[in-house]
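The values are calculated or read from the model by the stated rules, or taken from the named source; none is laboratory data. Here the structure is a predicted model, which means the values were calculated and not measured. Note: ideal-geometry Cβ built from the backbone for every residue, glycine included; neighbour counts use all protein chains shown.
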Amino acid sequence: MRSPVTDRRRLCPRGLLPLTTAVLFTLTAAVLFTLGPSPSPAHADGPADDAAVVFCLSRAERPRLVDAAVALGLATPGSTPERLTAHGEERDVEGWRRDRRADFDRACRALVAARQHETGTAGEKSSGFLTLLLPALISGAVGWFFSAQLATAGTRRVQADALRAAIRAFVNASEGFVRQQQETRAGLPPDDEEVHTRRAELAAGLDQVASAKRWWRLPERLSEDLYGDTLGPRMTQDWFPLTSAEKDARAAVLRASLGRFSAEAEQVAQAVQSSGLPRPRMWRR
């Protein structure tokens, strides 16, 4: 007897990991490209707002505010980095703001814009680095995935051929048994040991695929069908009391079921032999 098929709804499919990684890298690159560096906000010609004033009058930014005023021709350097000379009078930045508010606001807006431009440039460099790095990572992940598929192509083909051989052996044994039942009119019934042996071998092959591909459902369902009402052990039982017409009718039903089973099992063999890309047909019950 075959062992029960274990639960196959656990574990993330390993074959999808490289593809998932590539998709995540692509989405990340798309988001970074869409967002990009934060643009510097436009400044009106009106007075500097409270936040800008606080920034410009901070201890760390006062020397840079003086530099901005000098660069704009609004003042000349004073005796210290935090003082400037405007209209012939040296003063600190607070006194300059009080006496020359318009000049102060202009220099303060220029300083804020310059600092934002510096921040934006750093963001652009970082974005440019990611723009170069992400395609390389994506290319590497995709290349690794297909290289791995090529490296295992021979093993997959051998496994698929073994599964096809087991399918043919079971179908041939079953059809041979059915044919003998139709032809037997009296005497001992035909031996069904070959059918049971080939069924067990095919079930083991399907269980092996289902165990390796835990997210596939079709191999598990076909394995269960081999022990169901139609193709299971009952297939070789209760033929003796039947009339010739009843045997022919039962044989037609079995041959149709064997044909459908063989076609679906071939889909599993094809999926095993092909690459590890997702195959939704294998997921159906």
Of all residues in segment 181-214, count the ones that are within 23 Å of the chain's Cα centre (by Cα) and surrounded by fewer than 18 Cβ atoms within 10 Å (Cβ to Cβ).
3
Condition (residue is part of a loop (DSSP other than H, G, I, E, B) and closer than 21 Å to ARG164 by Cα) applied to segment 241-255: is it met by at least one residue?
no
Counting only residues in segment 46-56 that are of a type outside the set (Gly, Ala, Ser) and either in a helix (DSSP H, G or I) or modelled with pLDDT of 90 or more (or both), the one farthest from LEU84 (Cα to Cα) is identified as ASP50
